[in-house]
Amino acid sequence: MKSVEIVSSVKETMSGHDGILSEVVAKKRSGLISRSEPTHRIWSVHFYCPQRSRYYVVYSQVKVEGEYPDFAGMFKGVTRTLKCHV
């Protein structure tokens with residue numbers, strides 16, 4: 001990796017628990033064949049459920065910039081549907 005930057009890290013509520021929603025941008029070094037520096041955008045959510053005594057981590061990576069017009073909204077929408085206990 002050439003660089004890694006935490007773009008955002010905010011508290012969110014997932015399935016009734018406090019959690020962290022983060023966005024990270026990583027840039028890979030250019031290779032022998034490719035002179036470009038690919039950028040990877042990684043979204044993640046981390047939270048703990050005391051009822052189940054489990055930690056949950058969900059992440060997704062976007063390798064092609066602009067592939068999904070509103071990936072942030074789509075990822076946040078998916079994390080709102082998480083149910084760790086009934």
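The values are calculated or read from the model by the stated rules, or taken from the named source; none is laboratory data. The structure displayed is predicted, hence computed values, not measured ones. Cβ coordinates were reconstructed from backbone atoms using ideal geometry, including for glycine residues, and neighbour counts include every protein chain displayed.
Remarks
- Complete set of residues in the range 47-78 that are at pLDDT below 90 and hydroxyl-bearing (Ser, Thr, Tyr): 68
- Candidate set: the range 30-46, residues that are under 30 Å from residue 13 (Cα atoms) and among the polar types (S, T, N, Q); chosen: the one modelled with the lowest pLDDT: 39
- Restricting the range 1-53 to residues that are of a type in the set (Asp, Glu) and in contact (Cβ under 8 Å) with a residue 24 or more places away in the chain leaves a set whose member that is farthest from residue 75 (Cα to Cα) is 37.
- Note on the range 56-86: residues that are within 29 Å of residue 28 (Cα to Cα) and without any contact (Cβ under 8 Å) to a residue 40 or more places away in the chain amount to 20.
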